[in-house]
Each structure stands twice: as structure tokens, then as C-alpha cells.
1. Take the residues in the stretch 144-173 that are in a loop (DSSP other than H, G, I, E, B), within 20 Å of the chain's Cα centre (by Cα) and more than 19 Å from H89 (Cα to Cα), then tell me which one is modelled with the highest pLDDT.
2. Touching a residue at least 24 places away in the same chain (Cβ under 8 Å) and closer than 11 Å to N78 by Cβ, is that true of A42?
3. Only one of these is closer than 28 Å to H16 by Cβ, open to solvent by 20 Å² or more (accessible area, probe 1.4 Å) and aromatic (F, W, Y): Y171, Y108. Name it.
4. Of the residues Y108, Y171, only one is under 17 Å from T67 (Cβ atoms) and of a type in the set (F, W, Y); which?
5. Quick check on my filter: what residues within the stretch 27-47 are within 19 Å of M5 (Cα to Cα) and open to solvent by less than 60 Å² (accessible area, probe 1.4 Å)?
6. Could you list, in sequence order, the residues of the stretch 116-143 that are touching a strand residue (DSSP E or B) at 6+ places or on another chain (Cβ under 9 Å) and assigned to a loop (DSSP other than H, G, I, E, B)?
7. Search the stretch 115-131 for residues being closer than 20 Å to E166 by Cα and either under 15 Å from the mean Cα position of the chain (by Cα) or at pLDDT 90 or above (or both), and hand back the single one that is least open to solvent (accessible area, probe 1.4 Å).
8. Identify all residues within the stretch 59-89 that are in a helix (DSSP H, G or I) and surrounded by fewer than 23 Cβ atoms within 10 Å (Cβ to Cβ); write none if there are none.
Amino acid sequence: VCAEMGIPRINVISGHMMSDTTREQAWDWNRDAFAAIADYAAPLNVTPCLHTLTQSESRVVVTLDDTMKMLGELNKPNIRLQIDTADQHSTDSNMSDAVLKVADNLAYVHFSDNDGASIGLTHTLPGQGTMNWKRFITELRDNGYEGWLTSQLYAGNPIDPDAWQEECFDYIK
């Protein structure tokens, strides 16, 4: 679908780990699934971007270190990673170090804010949490990131997505 629509990147998250499954088995299943996705996407010129989750969402690919390990095991040139600032602000709290750690593999960024201590399910407008946006954007720029910044917002109801998108754009600009 991405290829048909001319969308060059797709967000790919890890599966969940059932209570009777070991982390090693869940890791292997995820690696096999990611490899299949990468192989399918390669001739279509679509880049799958691995997206971490928080501990409350998954116990497989949680930190950027997990993502880098998975990328190394996959060894597929067309699969990259993305930073979700709400997740990374909770799991990899030093966002400058996070960018430095993954800069060579970074292809996509979801940006939203939170308090850095939440379980990752809070994605608020930039500037409404504790994220150091100026430093984060500077690190992205200084490390050669030229991709998209896409807002990912969900933090309760009611929500006016148009107003939130405009506020996000104005804040990041």
C-alpha cells in the first residue's frame, strides 16, 4: 500500500510477548517477521522503520539499544529505525545521546511530548512535557537528519487534530 501511494517509509513495531513465551523466542519471531517485511519491501523501494515501544506496550523491542541489536541481527540494508520521542523520553531519557546512538540508522521521527516518567502512552503537544526540544532538534540537524518530523498525538478527548497539528508545527518551527 505504501508503494502504491508513493510513501517511502513505514512504521513497524514489535509484536507482544505472551506470558508463556520467553523473550528469546519472542525476539526470534520478531526478527523473522522483520526480515520478511524487509525482503518484501525492498523491491518496492519502501523502507521499514523499526519503532520501539515502552515496557507497558511490549517487552521485545523497547530501547534504542534493542533496536540497534535487532538491526545488526537482521543485516538488511533497507530496514532502518525511527525515534518516537514519547517512547524514547521514557526509555532512553537523554535524547541527545539517543540521536547520537542511532543517527546513522535514523529514517523517521515521531514527535510528541510527555513527562519522561510516563509509560509511553501519553503523547502530548511539544512544549507541554519535559522534553528538551531545542537540544533534540539541534542534535538531529547536527547529525545530518533530513527526514520527516511527524506529530503523533493522543492524550485524551476531545481532540481537535487540526488545531493540534497547527500548534505542533508552530512550536517546532
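The values are calculated or read from the model by the stated rules, or taken from the named source; none is laboratory data. All values derive from a computational prediction rather than experimental measurement. So basically every Cβ, Gly included, is an ideal-geometry build from the backbone, and we count neighbours across all protein chains shown. Ligands, DNA and RNA are stripped out before the accessible areas are found, and what is left, the full protein with its side chains, is counted by its heavy atoms. Shrake-Rupley method; radii C 1.70, N 1.55, O 1.52, S 1.80 Å.
1. G144
2. yes
3. Just one listed residue meets the conditions, Y108.
4. Exactly one of Y108, Y171 is under 17 Å from T67 (Cβ atoms) and of a type in the set (F, W, Y), namely Y108.
5. Within the stretch 27-47, A38, A41, A42, V46, T47 meet the criteria.
6. G120, L121, T122, L125, P126, G127, Q128, G129, T130, M131, N143
7. H123
8. Answer for the stretch 59-89, where residues must be in a helix (DSSP H, G or I) and surrounded by fewer than 23 Cβ atoms within 10 Å (Cβ to Cβ): D65, D66, M68, K69, M70, L71, G72, E73, L74.
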